[in-house]
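Below is the structure I would like to discuss, written out as structure tokens.
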Amino acid sequence: GAAEGLIAEGRANEAREGLLNALENLPQRIYRVMDSYAYTFFVDALYQVGEPERAAEVIDRNVRFLDGQLKYFIAIADTKPNHEMQNIQYCLFTLQRFSNTAKEQGQTEIHNRIEQMTEGYSQLFLRK
């Protein structure tokens, strides 16, 4: 996005201002897994401009959303086993991106929490 371009040009302050402005105007609710995936890039940019606390907040919000989605997909997997597999994989992939970013940024607690969650879900789906 625009922030990545500004960062690449060495204009981190402008990128930071734009990101913080965007953060103020983000929707309060996440509606789709694809939206959550898009936030992985937003989080990367927040870390790059020195906003680890705000990045962690965005990760936490998305992890809670993805956890809820996975619980829902599990609940309906018995009746529609193939229907939601792509969504489940997308959720797990997105969680992995957040986890990797947190690890790269030294956010061990966040990384470990997401890893535990994804491990639990992976075991659930391997049993089915």
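The values are calculated or read from the model by the stated rules, or taken from the named source; none is laboratory data. Keep in mind that this is a model prediction, so the values were computed, not measured. Cβ: placed from backbone, ideal geometry, glycine included. Neighbour counts: every protein chain shown. Note: accessible area is taken over every heavy atom of the protein model, side chains too, but ligands, DNA and RNA are not part of it. Shrake-Rupley method; radii C 1.70, N 1.55, O 1.52, S 1.80 Å.
Which one is farthest from the chain's Cα centre (by Cα) among residues in the range 29-45 that are open to solvent by 30 Å² or more (accessible area, probe 1.4 Å) and aromatic (Phe, Trp, Tyr)? Step through it out loud before you land on a result.
Kept after step one, since they are open to solvent by 30 Å² or more (accessible area, probe 1.4 Å), are these residues of the range 29-45: 29, 31-32, 34-35, 37-38, 41-42, 44.
Narrowing the set further to residues that are aromatic (Phe, Trp, Tyr) leaves 31, 37, 41-42.
Numbers: 31: 13, 37: 6, 41: 9, 42: 9 Å.
In this case the residue turns out to be 31.
Does the range 79-92 contain any residue that is among the acidic types (Asp, Glu) and either at pLDDT 95 or above or not in a loop (DSSP other than H, G, I, E, B) (or both)? Please lay out each step first, then the result.
So in the range 79-92, the residues among the acidic types (Asp, Glu) come out as 84.
Now drop any that are not either at pLDDT 95 or above or not in a loop (DSSP other than H, G, I, E, B) (or both), which leaves none.
No - not one qualifying residue is present in the range 79-92.
Taking residue 106, is it of a type in the set (Gly, Ala, Ser), outside any helix (DSSP H, G or I), without any contact (Cβ under 8 Å) to a residue 60 or more places away in the chain and open to solvent by less than 90 Å² (accessible area, probe 1.4 Å)?
Values: of a type in the set (Gly, Ala, Ser): yes; outside any helix (DSSP H, G or I): yes; without any contact (Cβ under 8 Å) to a residue 60 or more places away in the chain: yes; open to solvent by less than 90 Å² (accessible area, probe 1.4 Å): yes.
It is true that residue 106 is of a type in the set (Gly, Ala, Ser), outside any helix (DSSP H, G or I), without any contact (Cβ under 8 Å) to a residue 60 or more places away in the chain and open to solvent by less than 90 Å² (accessible area, probe 1.4 Å).
Which residue out of 48, 69, 89 is farther than 22 Å from residue 116 by Cα and either touching a residue at least 24 places away in the same chain (Cβ under 8 Å) or not hydrophobic (A, V, I, L, M, F, W, C) (or both)? Walk me through how you get there before you give the answer.
Values: 69 fails: farther than 22 Å from residue 116 by Cα; 89 fails: farther than 22 Å from residue 116 by Cα.
Just a single option satisfies the conditions, and that option is 48.
Considering only the range 120-128, I want to know if a residue exists there that is open to solvent by less than 10 Å² (accessible area, probe 1.4 Å) and without any contact (Cβ under 8 Å) to a residue 60 or more places away in the chain. Steps first, please.
Of all residues in the range 120-128, those open to solvent by less than 10 Å² (accessible area, probe 1.4 Å) come to none.
Taking every residue of the range 120-128 in turn, none turns out to be open to solvent by less than 10 Å² (accessible area, probe 1.4 Å) and without any contact (Cβ under 8 Å) to a residue 60 or more places away in the chain.
Take the residues in the range 57-97 that are basic (Lys, Arg) and loosely packed, with under 13 Cβ neighbours inside 10 Å; name whichever of them is farthest from residue 19 (Cα to Cα). Full working, then the answer.
Filtering the range 57-97 down to residues basic (Lys, Arg) leaves 61, 64, 71, 80, 97.
This time we only want the ones that are loosely packed, with under 13 Cβ neighbours inside 10 Å, so: 64, 71, 80.
Numbers: 64: 22, 71: 31, 80: 39 Å.
Looking at residues that are basic (Lys, Arg) and loosely packed, with under 13 Cβ neighbours inside 10 Å, I get 80.
Suppose the filter is open to solvent by 70 Å² or more (accessible area, probe 1.4 Å) and within 24 Å of residue 12 (Cβ to Cβ); does residue 54 pass it? So that I can check it myself, show each step before the final result.
On the way: open to solvent by 70 Å² or more (accessible area, probe 1.4 Å): yes; within 24 Å of residue 12 (Cβ to Cβ): yes.
Against the criterion (open to solvent by 70 Å² or more (accessible area, probe 1.4 Å) and within 24 Å of residue 12 (Cβ to Cβ)), residue 54 qualifies.
When you check residue 112 against the structure, is it open to solvent by 40 Å² or more (accessible area, probe 1.4 Å) and touching a Phe, Trp or Tyr at 6+ places or on another chain (Cβ under 8 Å), yes or no? Let's see the steps before the verdict.
Values: open to solvent by 40 Å² or more (accessible area, probe 1.4 Å): yes; touching a Phe, Trp or Tyr at 6+ places or on another chain (Cβ under 8 Å): no.
So residue 112 fails the test.
Conditions tested, residue by residue: (1) at positive phi; (2) modelled with pLDDT under 80; (3) β-branched (Val, Ile, Thr); (4) not in a helix (DSSP H, G or I).
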{"residue": "3", "(1), (2), (3), (4)": "no, yes, no, no"}
{"residue": "17", "(1), (2), (3), (4)": "no, no, no, no"}
{"residue": "38", "(1), (2), (3), (4)": "no, no, no, no"}
{"residue": "50", "(1), (2), (3), (4)": "yes, no, no, yes"}
{"residue": "69", "(1), (2), (3), (4)": "no, no, no, no"}
